[in-house]
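As structure tokens, the structure follows; a few thoughts come after it.
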Amino acid sequence: MSLVTGERITFPFRSTICFSTNLEPKAMLEEAHLRRIPYKIRIPEPTPEQMAEIFRRFADAMGVEASPRVSKSPSNSSAAPRTATSAAATRATSSSSSSKNPAS
């Protein structure tokens, strides 16, 4: 790295900076800044099926049962299946209530 004075500084390690955003890069930075970021990877939003798989893997890793059902449309939310989040909350609620009252 070179300073304005011409002095050079060396670092005993390599560094990598990773930026992540859901905004359009041109809306945040000037073109000159974008040119200085050599690698840009666009990762699209996951499909509902991909999101269900990500959620299932995370639930498995956390030891929580997840519903295999994937909702195709957001308007189908009235009959929401029991999800890993609600299962974990049920488990946490039942364990906390039994720890408060050891006689039950």
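Structure data summary
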| read-out | value |
| --- | --- |
| Extension reserve of the Ile9-Val64 stretch, reckoned as 0.36 nm per residue once the Cα distance is removed | 14.8 nm |
| Shape call, the range 3-52: gyration tensor on alpha carbons, a/c limit 1.5 | oblate |
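Since every read-out is calculated from the coordinates, none of them should be taken as a lab result. Owing to the predicted nature of the structure, the values given are computational and were not obtained by experimental measurement.
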